[in-house]
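Read through the structure below, which is laid out as structure tokens, and then see the notes.
The values are calculated or read from the model by the stated rules, or taken from the named source; none is laboratory data. Note that the structure is predicted; figures quoted are calculated from it, not measured. Ideal geometry is used to build each Cβ from the backbone, glycine not excepted, and the neighbour counts take in all protein chains shown. Remember, those area values only see protein heavy atoms, side chains included, never the ligands or the DNA or RNA. Shrake-Rupley method; radii C 1.70, N 1.55, O 1.52, S 1.80 Å.
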Amino acid sequence: MKCVIAGGNVKVFGRAVHSLSRIGDELYLEPTESGLSLRAVNSSRSAFASFLFAPLFFQLYEPGSAGPDTELFRCKVHMKSFLGIFRSLPSLEKSVGKCLILLKPRASRLVLQLHCKYGVTKTHNLAFQECERLQAVFDTQRCASRLCAPARVLAEAVVHFPLTLAEVTLGTGPGGKISLRNYVEEEAEPSKTMVTELWLAEDEFQSVAVTPGSHITFCLKEFRGLLSFAEASNLPLTIHFDEPGRPAIFTLDDTVLEVHLVLATLSDLESNSQSPSTNG
């Protein structure tokens, strides 16, 4: 596999890596005919994210060749090693003209070259492991509720919650209003608990098609990571969800990019549990 990312797209790619680093400790790379897929999953398998960059995103994209009975090569690398290359997003924008990514299966190396100003080239050789395909089973068409909003609207809403908050509850109210509320365990003492709740009017959203009275509780950390990417890329974010306990699916769509974040939600029976469980 060989691909070249040019200009401002290097920073977009870097933002995607930053978003995925909120999910897991390993980054899965899978070149396909449809584009290069970057994926991550957390240790409890309750959060999964996928970024698919279409061939048009790249200045050059060669996924490699597969035999008649074999698939294209895929691998995983340590997230920290990969993230370190794209750590400073402002620096990428100012100094990097293009990025070459080269997957060398025989040498067991993933090579990333940053071509910078003044003829400087930074080469990183990362060790990788061959791996099975990482994928989550979900179908947005089967979700009963769907919301679509500018990422800025949701980002300005969650900024009111502390960074230490683990979970947030999204609910629907009368007149198409949508609420965001910090999740509080049932056994928590009311006198010692601070509750923050925001209501967003229907006209803040691009589209609202929800089941009246529905609600879901999901992890905020991973959601913030996707929101940061969506806001910086000026993309609307769509939330697909069903009843509590079923996965919530967050999507971004662009002409050269397709993003999915799948998060477990607390079921009503598990509402006194500290963290969400894995959902099928």
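Data overview
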{"item": "Every residue from the range 252-266 that is among the polar types (S, T, N, Q) and buried (at least 22 other Cβ atoms within 10 Å of the Cβ)", "result": "THR265"}
{"item": "Residue that is among the basic types (Lys, Arg), closer than 30 Å to SER34 by Cβ, out of contact with any His (no Cβ under 9 Å at 6 or more places or on another chain) and open to solvent by less than 40 Å² (accessible area, probe 1.4 Å), where the choices are ARG246, ARG224", "result": "ARG224"}
{"item": "Pair list, Cβ < 6 Å and 6+ apart or interchain, from the range 172-185 residues that are farther than 16 Å from ASP242 by Cα and in contact (Cβ under 8 Å) with a residue 60 or more places away in the chain to residues that are open to solvent by less than 20 Å² (accessible area, probe 1.4 Å) and among the charged types (D, E, K, R)", "result": "TYR183/GLU167"}
{"item": "Count - residues of the range 166-176 that are modelled with pLDDT of 90 or more and either surrounded by fewer than 15 Cβ atoms within 10 Å (Cβ to Cβ) or not in a strand (DSSP E or B) (or both)", "result": "1"}
{"item": "Near pairs, Cβ below 6 angstrom, 6+ apart or cross-chain, from the range 24-40 (small (Gly, Ala, Ser)) to any residue that is not in a strand (DSSP E or B)", "result": "GLY24/ASN42; GLY35/ALA54; GLY35/PRO55; ALA40/LEU20; ALA40/ILE23; ALA40/GLY24"}
{"item": "The range 115-146 - residue that is in contact with a helix residue (DSSP H, G or I) (Cβ under 7 Å, 6 or more places away or on another chain) and touching a residue at least 24 places away in the same chain (Cβ under 8 Å) and, of those, most open to solvent (accessible area, probe 1.4 Å)", "result": "HIS124"}
{"item": "Conditions (1) over 15 Å from VAL256 (Cα atoms); (2) out of contact with any Gly (no Cβ under 7 Å at 6 or more places or on another chain); (3) of a type in the set (S, T, N, Q); number of the one not met by GLN59", "result": "(1)"}
{"item": "All positions within the range 16-25 that are more than 10 Å from the chain's Cα centre (by Cα) and open to solvent by 30 Å² or more (accessible area, probe 1.4 Å)", "result": "ASP25"}
